[in-house]
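The values are calculated or read from the model by the stated rules, or taken from the named source; none is laboratory data. Remember, it's a predicted structure, so these values are computed and weren't measured experimentally. Every residue, glycine among them, receives a Cβ derived from its backbone with ideal geometry; neighbour counts consider all protein chains shown. Areas reflect the complete protein model, heavy atoms only, side chains present, ligands, DNA and RNA absent. Shrake-Rupley method; radii C 1.70, N 1.55, O 1.52, S 1.80 Å.
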Amino acid sequence: MADDALRTNLFIGGRWRPADSGERFDVIDPGTEQVVASVASAGAIDARAAAAAAAAAQPGWAAKAPRERGEVLRRSWELLMERAEDLARLITLENGKVLAEAIGEITYAAEFFRWFSEEAVRLTGELTKAPGGANRILVLHQAVGVAYLVTPWNFPAAMATRKIAPALAAGCTVVLKPATLTPLTALAVADALHEAGVPDGVVNVVPGKSASTITAAVLEHERVRKLSFTGSTEVGKKLIEQAAGRVLNVSMELGGNAPFIVLADADLDAAIEGAMIAKMRHNGETCTAANRFYVEAPVAEAFSAKLADAMRALPIGHGLTEGNRLGPLVDADTRDKVAELVDSAVAAGAKALVGGEPPGGTGFYYPATVLTNVAADNPILQEEIFGPVAPIVTVADAEEAVRLANSTTMGLVSYVYTGDLAKGLRVAEALESGMVGLNKGIVSDPAAPFGGVKESGMGREGGHEGMLDYTETKYIATDW
Ligand code: NAP
């Protein structure tokens, strides 16, 4: 993307403008530690202006024919795909993931607009006769109103589009607060949506240094009726409390701690291929990242050795350099937390088959790491690692694997590899998670309901459910 095309101001009511305070903040390339751009930092005044713009635009947008909204979404998909290469370079620059993965993210992110352009015309209701025969029950789904969206840095495009597309399909307007580490992609996505015909005020973007100031200002606006958050469980809990003040409709996509179970009858090569995707996609910085490997004893050694070989073969370096497969982690804190978790696991008896030592020098790199001899109560299995580290625990059988897999407060996704489909389905049913990859290392699909149970969240994104999350159900009692 040419420098003069880079969007670095706030996007409010269809206009690009600096923050009212004039404040800005720097975005850093995690591979070089150099400044990529300086971005306007929204404060309370800007946040209120964004909420007001979204409120003013909402009735008109909701009143448009569903087909018309769908066509705008379809054009948005086309334009994002036309700009895929430029957008992907921005993701690599501000987030660190390698370019091929960034292109994959844009394809996935854009697909939410195609999927919800098709869903926009399918917001169906229900008409039934009351069991007592006294009246008819007419059920409608209406747009909830203005939605406030808060997104993390790990998928700067997809976490935004997974919310914006269903919200717009349902007839909502939005205010988006992207992560401070990665605001540039969200601003570039907003630019594309504007050009695709999204009317002024329907999408507003307010990055800023103080997430809590922006959030408080937006949530107090009387027309804001929905809070959709993707990020850590810790922040999610605070936001649920905050939303309670106005009894807002809330969706939460929170942290994960995914178990990856390999049973003795699994196709080991397929399990390694799946493990490499589930663990290593986006440097291991995904909520769906395999965080704990539970491998049945007869295949544990072979699986560990093969996984270490596959990890060793990944070239590490800047994401824009062709051939690299593992980029830097997003910042120094993330890299240091990964290093601490690995160091304490090793101190407690784990053995690094590969990796385990940060390379030093410029950039927030951490090598692909496989840990064996990990005790089932090691703290590394209870925390989201958010890095390229695979701790492996040997288990006696499927029952032990399920018991350990469920022994966490999280419940986003689980993975199971087995050659016996019936056994795999039994295990999948027993796992306490919102999603299961059965002989699959990736579950994300715009057409499928994505989301977690327990402290991994509530609500679903994608699928038909994704649009319903931006509606309220209305019941009309009538008769004729
Ligand atoms: P985070 O620290 O919770 O931040 C997420 C977003 O919340 C950012 O925009 C952040 O702004 C904002 N925020 C932070 N404190 C806030 C507050 N007090 N009030 C309002 N907003 C606040 O999470 P992260 O480190 O960016 O992302 C990693 C986490 O997201 C992991 O736990 C991961 O599992 C989870 N995640 C979940 C899913 C899912 O679908 N379940 C998907 C992706 C990621 P700043 O950037 O300004 O701090």
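Structural remarks
- Segment 405-427, residues that are away from the ligand (no atom under 16 Å from the Cβ) and open to solvent by 20 Å² or more (accessible area, probe 1.4 Å): 406, 407, 419, 420, 421, 422, 423, 425, 426
- Condition broken by residue 246, with the remaining ones in (1) in contact (Cβ under 8 Å) with a residue 24 or more places away in the chain; (2) open to solvent by 10 Å² or more (accessible area, probe 1.4 Å); (3) away from the ligand (no atom under 16 Å from the Cβ); (4) not hydroxyl-bearing (Ser, Thr, Tyr) satisfied: (3)
- Residues that are under 25 Å from residue 412 (Cβ atoms) and in a helix (DSSP H, G or I) were ranked within segment 288-314; the one that is most open to solvent (accessible area, probe 1.4 Å) is 310.
- Filter result (of a type in the set (A, V, I, L, M) and free of Cβ contacts under 8 Å to residues at least 60 places away in the same chain) within segment 315-331: 316
- Residue that is surrounded by the fewest Cβ atoms within 10 Å (Cβ to Cβ) [pool: residues in segment 255-287 that are assigned to a helix (DSSP H, G or I) and among the small types (Gly, Ala, Ser)]: 270
- Look at segment 79-103: where a residue is under 18 Å from residue 192 (Cβ atoms) and a partner is part of a helix (DSSP H, G or I) and of a type in the set (Asp, Glu), sitting 6+ places away or on another chain with Cβ atoms under 8 Å, you get 79/195; 88/105; 91/105; 103/85.
- Checking segment 158-173 against the condition returns a match, with at least one residue being farther than 15 Å from residue 57 by Cβ and either among the basic types (Lys, Arg) or without any contact (Cβ under 8 Å) to a residue 40 or more places away in the chain (or both).
- Residue count for segment 13-48, restricted to those that are in contact with a strand residue (DSSP E or B) (Cβ under 6 Å, 6 or more places away or on another chain), charged (D, E, K, R) and open to solvent by 60 Å² or more (accessible area, probe 1.4 Å): 3
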